[in-house]
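Enquirer: Let me begin by handing over the structure; questions about it come next.
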Amino acid sequence: MSTSRPLVHVVAGLGAGGAETFLLRLLRADPVLRQASRIVSIRPLDALSGEFEALGVPVLKLPLAADLHLPGRVLALRRVLAQDDTRLIQSWLYLSDTLAALFGAGKPVVWGIRSSHGARGKRLTGLLARRLNPWLSSRIPAAIICCGQQALDAHRALGYDAKRLQCIPNGYETQRFHRDPAAAAALRDELGIPADAFVVGMAARTDIYKDHDTLLQAVALARPVIPNLRLLLCGKGTEGAEIAGLIERYGLAGICIPLGLQSDMRRFYSALDLHLLSSLSEGFPNVVAEATLYGCGSLSTDVGEARALLADPATLMPPGDASTMRDRILAFERLSPAERAQQSAANRAVVASQFDMNRIVQLYRAAYENLVPGLLGEAA
């Protein structure tokens, strides 16, 4: 790896999750951070590694699976973090935070907190997030960057060192996002969706916190009122047995179309009239901002920083409430095209003014330079 890259990002795999996609956007937006950075990936998820490498960011893959290679890969991780040219370590997500703390060899470590629930319901990461990492937080990390105020408050309540917690939200290069009517028409045609259908969708992997169950239940409740209603799902696992079971349970065969992981999100969002996030918990829900920037209507459960991303509080819903979700779907469907466009424009203005990537880049630069003065100048 290049000796001119003093900032090492330890990531829990390079799948298409929120932390990984944000890091990709951050490095894509700023040549200084990009030139300073290299990545160590500790899980086999690999959807985005090619995109980082295309930016010229070196990626070292050390998947820490429970096999004969584990001791060697742990030692390799320790060597990378202990190298003289490693000046600062930024970790993303709980397992990465723990490993960076334990193997950081006395280098400054910055933890990245991306959720507001402390990995409840997940055995290993839940144990780390709620037991070990709070104890380590007052001993190892020089700073703990949370993606939103709810995430910060939740982790302070879990016992994370309040003096080290700070908030830097996600950011977006708004000029990169635009609706593509031709791509939308092509996808609808490919899926056999009528041109006059009202299409709702959600971009989210299958996960207990995404609560696909409530979403499908709400769509089933709305369907008698909106006969041409369709639901598109994308994200890892949506093509699997769990979603298939929900489709059967709620009688949505032919109505709900699961697409699995998608590489072209512009095409997906452009095909939607309305994006709806049904999560029980979030840190900073990227998909709410992305749907807005792609010109979709947007509804969300009132979780994480969703409230900060939407102009109208009436577009927020309580988690787990299928009846309210149905009512909000019906209300949006009744809006005129002009009213839908007005709502989307208001949401886009919020994202563009409050979460512009140029501002977020400067906040990360300042945080890093505060810990290691001259760090980013070393990569110039």
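The values are calculated or read from the model by the stated rules, or taken from the named source; none is laboratory data. Because the structure is predicted, anything quoted here is derived from the model rather than measured. With ideal geometry, Cβ positions are generated from the backbone for all residues, glycine too; neighbour counts draw on all protein chains shown. When the accessible area is computed, the model is the full protein with side chains, heavy atoms only, and any ligands, DNA or RNA have been set aside. Shrake-Rupley method; radii C 1.70, N 1.55, O 1.52, S 1.80 Å.
Enquirer: Restricting to the chain, what percent of DSSP beta bridges are antiparallel, rounded to 5? Write out the running numbers ahead of the final one.
Expert: Values: 0 of 40 bridges.
Just about 0 percent of them are antiparallel.
Enquirer: Please state, as a whole number in µm²/s, the translational diffusion coefficient that the Stokes-Einstein equation yields for segment 104-246 at 4 °C and 1.567 mPa s, with Rh defined as the Kirkwood radius across alpha carbon pairs.
Expert: Numbers: Rh = 18.7 Å.
Result for D is 69 µm²/s.
Enquirer: So if I place +1 on the C-beta of Lys and Arg and -1 on the C-beta of Asp and Glu, and nothing else carries charge, what would the dipole magnitude of the chain be about its Cα centre? I want it in debye, nearest 20.
Expert: On the way: 41 positive and 36 negative charges, 214 e Å.
Rounded to the nearest 20 debye, it is 1020 debye.
Enquirer: Using the heavy atoms of the protein chains alone and a 1.4 angstrom probe, what is the accessible area of the chain per residue in square angstrom? Could the numbers behind the result be given before it?
Expert: On the way: 15330 Å² over 380 residues.
Accessible surface, normalised per residue, equals 40 Å².
Enquirer: If you roll a 1.4 angstrom probe over the protein chains with everything in place, what fraction of the accessible area of the chain belongs to carbon and sulfur, to the nearest %? Let's see the in-between values first.
Expert: On the way: 8200 of 15330 Å².
It is 53 percent, rounded to a whole number.
Enquirer: Rounded to two decimals, what is the ratio between the C-alpha radius of gyration of segment 163-312 and 2.2 N^0.38 Å?
Expert: Numbers: Rg = 15.4 Å, N = 150, 2.2 N^0.38 = 14.8 Å.
Taking the Cα Rg and dividing by 2.2 N^0.38 Å, one obtains 1.04.
Enquirer: How high is the relative contact order of segment 1-158? Use alpha-carbon pairs under 8 Å, at least six apart in sequence, and give a whole percent.
Expert: Working: 270 pairs, mean separation 33.6, N = 158.
Relative contact order, segment 1-158: 21 percent.
Enquirer: Also, quick follow-up: Taking the Cα centre of segment 158-209 as origin and charging only Cβ (+1 Lys, Arg; -1 Asp, Glu), how large is the dipole, in debye to the nearest 20?
Expert: Magnitude of the dipole: close to 340 debye.
Enquirer: Take each of the peptides 220-230, 294-304, average the number of other beta-carbon atoms within 10 Å over its residues, and list them starting from the highest.
Expert: Working: 220-230: 16.9, 294-304: 24.9.
Most protected by this proxy first, the peptides run 294-304, 220-230.
Enquirer: Check the chain and count each lysine pair with an alpha-carbon distance under 21 angstrom, considering only pairs eight or more places apart or from different chains.
Expert: On the way: Lys61/Lys107; Lys61/Lys236; Lys107/Lys163; Lys122/Lys210; Lys122/Lys236; Lys210/Lys236.
Count of close lysine pairs: 6.
Enquirer: Output the peptides 39-45, 5-11 sorted from most to least packed, where packing is the average of other Cβ atoms within 10 Å over each peptide's residues. It would help to have the intermediate numbers written out before the result.
Expert: Values: 39-45: 21.1, 5-11: 25.6.
Packing order, densest peptide first, comes out as 5-11, 39-45.
Enquirer: Could you tell me the center-to-center distance, by alpha carbons, between segment 343-366 and segment 207-245 in angstrom?
Expert: If you average the Cα positions of each part, the centres end up 30 Å apart.
Enquirer: Return the long-range amide H neighbours of Leu93 (sequence gap of 5 or more, or a different chain), with a cut-off of under 5 Å between placed amide H atoms.
Expert: HN-HN under 5 Å from Leu93: Gly112, Arg114.
Enquirer: Below 15 angstrom from the Cβ of Pro141, what's the summed charge of the other residues (Lys, Arg +1; Asp, Glu -1)?
Expert: Details: positive: Lys107, Arg114, Arg139, Arg156, Lys163, Arg164; negative: Asp97, Asp161.
Combined, the nearby Lys, Arg, Asp and Glu give +4.
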